[in-house]
1. Out of curiosity, is ALA309 touching a residue at least 60 places away in the same chain (Cβ under 8 Å), buried (at least 18 other Cβ atoms within 10 Å of the Cβ) and closer than 30 Å to ALA186 by Cα?
2. Test THR199 against the stated conditions and say whether it is surrounded by 15 or more Cβ atoms within 10 Å (Cβ to Cβ) and among the hydroxyl-bearing types (Ser, Thr, Tyr).
3. For ASP250, work out the one condition from (1) closer than 24 Å to GLU341 by Cα; (2) open to solvent by less than 10 Å² (accessible area, probe 1.4 Å); (3) of a type outside the set (Gly, Ala, Ser); (4) over 19 Å from the mean Cα position of the chain (by Cα) it doesn't fulfil.
4. Does ARG209 satisfy being touching a strand residue (DSSP E or B) at 6+ places or on another chain (Cβ under 7 Å), assigned to a loop (DSSP other than H, G, I, E, B) and either over 16 Å from GLU336 (Cα atoms) or open to solvent by 60 Å² or more (accessible area, probe 1.4 Å) (or both)?
5. Take the residues in the stretch 27-49 that are assigned to a loop (DSSP other than H, G, I, E, B) and open to solvent by 40 Å² or more (accessible area, probe 1.4 Å); name whichever of them is modelled with the lowest pLDDT.
6. Here are some residues: ALA138, ALA171. Which one is touching a Lys or Arg at 6+ places or on another chain (Cβ under 8 Å) and either in a strand (DSSP E or B) or at negative phi (or both)?
7. May I ask you to list the residues in the stretch 50-67 that are closer than 23 Å to ALA317 by Cα, part of a helix (DSSP H, G or I) and either open to solvent by less than 10 Å² (accessible area, probe 1.4 Å) or of a type in the set (D, E, K, R) (or both)?
8. Among the numbered conditions (1) hydrophobic (A, V, I, L, M, F, W, C); (2) over 23 Å from the mean Cα position of the chain (by Cα); (3) at pLDDT 95 or above, tell me where ALA148 comes up short.
Amino acid sequence: MNRRKFIRIVGGGVVLAANAAALSGCAMFDVPPSAIAAWQGPPTDLELRRWILSYALLAPNPHNLQPWIADLATDREIVLKLDPQRLLPATDPYGRQILMGAGAFLELLEMAAVERGYRTEVLMFPDGEPGVKLDGRAFAKVRLTPDASAPRDTLFAQVLNRRTDRRAYDATRLIPPQQVERLRAAIGKLPVRFGFAGTAGSEAADVQRLAAIREIAREAWRIEMTTEATMMESMRVLRVGGTEINQHRDGIAITSKFLVLMAKFGMFDRSKFPAPDSQGTLAQIKDFNTITASTPAYLWLVTEGNSRAQQIDAGRAYVRVNLAGTAAGLAMHPNEQSLQEYSEVAKPYLAIHQLLDAPPARHTVQMLARVGYLPTGDLAAPPAPRRGLSAHLVA
């Protein structure tokens, strides 16, 4: 779902390193508190629908674009649409991942409503499902009805703590079977199949599957990094340094001192495609391979079919699994590169579907994610920037 890509550009390193040392502690190298203020939660006296939406907008989503729009024109009703300017036509040409993010948004919205003593009546795609491409039609209409008897969701307690952690995990610490079952159980009655490789005490076949997943993930990442359209889609939403991060509060936040100084001195041109054999691109591939090697486990979610409603369900399921993992002290990081539908990645797409017992003529692997424990002493990753409630409301 949402991926931060650390772009390394090698050149002028001695001068920039000296500048970085001199400016150590400077705010330009930090994510400003104002950019992540949404993770503190809304004030308790905020109007009901705005309070609920303040939790929903913390949902994981691809490239952290946060494309959700909420229309509050009718009392006790929320109509949800997607901003057509915040889609990913290169890496997500049919909008499958965007709709998964919408599903995660909707799931958090319903959790928050119940927390306030309201049940939700949800009409999916009230104006009809979109076709091959996403359009401006609503993806959901939500009606809120007072119901103090509706059971609260225990996973709601983790919403403000949920993170996507892209760092290396502890490769030696495997996931106990009981924790895997907690993740599986979090899906509840959603029509989504849960899969897992890397459980402690796994049989040889499971270990082999884990190694095969790693290899497919590496190859899909290499393809995305060396394909101009997909790489440039990421480059366009890089937010480098505290000022840019605070200005946009979306996209891929970069706080690397080296890259921030590169951008500051005009040495990081984000309008040009880095050559596939450039030092920067090769460094990214190497970094991803290192992180992948540290991954003790992967989980995946599969639907029988690939309808728009199933994509929404998959997003609901993933955010629930992510919250359950947060409660269990597990870190997660979506690796969806091999699941994307652009032509260059067709071979890894077929390979991952075959490996995970999901032949694509009938099934769709909707999510593949790294799972593991952080190394001892590592703190949880900081939250991703959020645009804030007002950015999502119809003017």
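1. Numbers: touching a residue at least 60 places away in the same chain (Cβ under 8 Å): yes; buried (at least 18 other Cβ atoms within 10 Å of the Cβ): no; closer than 30 Å to ALA186 by Cα: yes.
Considered against the rule, which asks whether it is touching a residue at least 60 places away in the same chain (Cβ under 8 Å), buried (at least 18 other Cβ atoms within 10 Å of the Cβ) and closer than 30 Å to ALA186 by Cα, ALA309 comes out as no.
2. Values: surrounded by 15 or more Cβ atoms within 10 Å (Cβ to Cβ): yes; among the hydroxyl-bearing types (Ser, Thr, Tyr): yes.
Against the criterion (surrounded by 15 or more Cβ atoms within 10 Å (Cβ to Cβ) and among the hydroxyl-bearing types (Ser, Thr, Tyr)), THR199 qualifies.
3. (4)
4. Working: touching a strand residue (DSSP E or B) at 6+ places or on another chain (Cβ under 7 Å): yes; assigned to a loop (DSSP other than H, G, I, E, B): no; either over 16 Å from GLU336 (Cα atoms) or open to solvent by 60 Å² or more (accessible area, probe 1.4 Å) (or both): yes.
No, not satisfied.
5. First, pick out the residues of the stretch 27-49 that are assigned to a loop (DSSP other than H, G, I, E, B): 30-32, 41-47.
Subsequent filtering for residues that are open to solvent by 40 Å² or more (accessible area, probe 1.4 Å) retains 30-31, 43-47.
Details: ASP30: 89, VAL31: 92, PRO43: 97, THR44: 94, ASP45: 96, LEU46: 98, GLU47: 97.
Among those that are assigned to a loop (DSSP other than H, G, I, E, B) and open to solvent by 40 Å² or more (accessible area, probe 1.4 Å), it is ASP30.
6. On the way: ALA171 fails: touching a Lys or Arg at 6+ places or on another chain (Cβ under 8 Å).
From the options ALA138, ALA171, the qualifying one is ALA138.
7. Filtering the stretch 50-67 down to residues closer than 23 Å to ALA317 by Cα leaves 51-67.
Still in the list and also part of a helix (DSSP H, G or I): 51-56, 62-64.
Residues satisfying the conditions are ILE52, LEU53, ALA56, PRO62, HIS63, ASN64.
8. All conditions are met except number (3).
The values are calculated or read from the model by the stated rules, or taken from the named source; none is laboratory data. A quick note: this is a predicted structure, and the numbers were derived from the prediction, not measured. Here the Cβ is made from the backbone with ideal geometry for all residues, glycine too, and neighbour counts use every protein chain on show. Ligands, DNA and RNA are excluded from the accessible area calculation, which covers all protein heavy atoms including side chains. Shrake-Rupley method; radii C 1.70, N 1.55, O 1.52, S 1.80 Å.
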